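The values are calculated or read from the model by the stated rules, or taken from the named source; none is laboratory data. Keep in mind the model is a prediction, meaning the values are calculated, not measured. Virtual Cβ from ideal backbone geometry, glycine too; neighbours counted across all protein chains shown.
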Amino acid sequence: MKFDKKSLKFLEKYLNTSSPTGYEHEGQKIWMDYIKPYVDKIEVDHYGTCYGIINPEAEFKVVIEAHADEISWYVNYITDDGLIYVIRNGGSDQTIAPSKVVHIHGENGIVKGVFGWPAIHTRTNQNEPTPKIENIFIDCGATSKKEVEEMGIYVGCMITYPDEFFEMNNRYFVCRALDNRIGGFMIAEVARLLKENKKLLPFGLYITNSVQEEVGLYGADMIADTIKPNIAIVTDVTHDTSTPMIEKKKEGDQKCGDGPVVFFAPSV
């Protein structure tokens with residue numbers, strides 16, 4: 001893939017920065033710093049949604065939008081033995097959790113942990129456990145609840161995966177937060193290319209990076225009432241349905257590398 005080096009550096013830094021739902025501020029700082037030279041004005045609402053404006057005085061308003069947050073977990077319960085049970089923050093998948101390394105964002109900084117799971121030779125066909133919210137747990141090396149608390153971990157702490165950006169076979173970008181910081185990257189690149197190519201727009205363009213999408217579209221709902229756009233183009237990710245175990249009759253026919261997917265309907 002051929003990308004502007006500065007743009008690719010921004011994308012990598014942006015993806016690698018933990019910005020879970022409700023705690024998007026670190027990623028939003030990086031995004032705003034990048035688009036600042038390319039827009040006339042930057043605004044942030046009370047939820048944390050950021051938007052850069054080109055032609056802020058124009059009456060006709062066009063929004064291009066992405067969402068800034070990523071899925072994560074919350075600490076929900078700490079056992080007397082120092083194990084941590086979790087609940088979702090967004091659509092986190094319990095089936096991929098076992099053996100994953102995590103970052104627990106505690107009062108004293110990040111603490112590493114790992115989702116535990118019984119070893120294969122301790123399981124039998126008659127007693128093959130299925131990962132569920134009720135039985136996945138995190139071990140952070142503590143042996144008591146008191147020790148966990150001394151590490152700065154408490155109920156309500158955010159938990160993210162540390163997986164970082166890489167390019168696979170010069171063809172695919174891989175990272176945990178592509179949903180939907182790749183959209184945030186795309187709309188930021190629109191701002192850059194408009195500025196660098198000296199394009200003049202006959203309308204106001206609101207380049208909008210919304211928060212809290214993963215738990216109910218709350219940031220987009222709020223900012224739509226603030227901006228009151230005439231037109232909105234919303235970016236997000238979708239599925240490559242050429243991969244195994246995906247039903248094209250249900251999910252449609254789209255493939256990585258074949259270009260963008262456009263959805264249209266009164267309500268997607």
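In the set (1) exposed (fewer than 14 other Cβ atoms within 10 Å of the Cβ); (2) within 22 Å of residue 50 (Cβ to Cβ), residue 178 fails one condition alone, (1). The residues of the range 55-76 include none that are of a type in the set (S, T, N, Q), in a loop (DSSP other than H, G, I, E, B) and more than 18 Å from residue 192 (Cβ to Cβ).
Does the range 188-211 hold any residues that are touching a strand residue (DSSP E or B) at 6+ places or on another chain (Cβ under 8 Å) and either outside any loop (DSSP other than H, G, I, E, B) or crowded, with 22+ Cβ neighbours inside 10 Å (or both), and which are they? Can you show your working first?
So the first thing to find is which residues in the range 188-211 are touching a strand residue (DSSP E or B) at 6+ places or on another chain (Cβ under 8 Å), and the list is 188, 190-191, 194, 201, 203-211.
Selection gives 188, 190, 191, 194, 204, 205, 206, 207, 208, 209, 210, 211.
Taken over the range 240-268, the criterion of being in contact with an Asp or Glu (Cβ under 6 Å, 6 or more places away or on another chain) and either of a type in the set (D, E, K, R) or at pLDDT below 90 (or both) is satisfied by 255 alone. Taking the criterion of being within 24 Å of residue 102 (Cα to Cα), touching a helix residue (DSSP H, G or I) at 6+ places or on another chain (Cβ under 9 Å) and either hydrophobic (A, V, I, L, M, F, W, C) or surrounded by 17 or more Cβ atoms within 10 Å (Cβ to Cβ) (or both), the residues of the range 1-20 that qualify are 10, 11, 14, 15, 17, 18, 19, 20.
Residues in the range 114-137 that are closer than 13 Å to residue 96 by Cα and either outside the structural domain of residue 103 (by TED's automatic domain parsing) or not in a loop (DSSP other than H, G, I, E, B) (or both): 114, 115, 116, 137.
Of all residues in the range 146-168, those that are more than 17 Å from residue 23 (Cα to Cα) and free of Cβ contacts under 8 Å to residues at least 40 places away in the same chain have Cβ atoms under 8 Å from Cβ atoms of residues that are charged (D, E, K, R) and surrounded by 14 or more Cβ atoms within 10 Å (Cβ to Cβ), 6 or more apart or on another chain, in 163/176.
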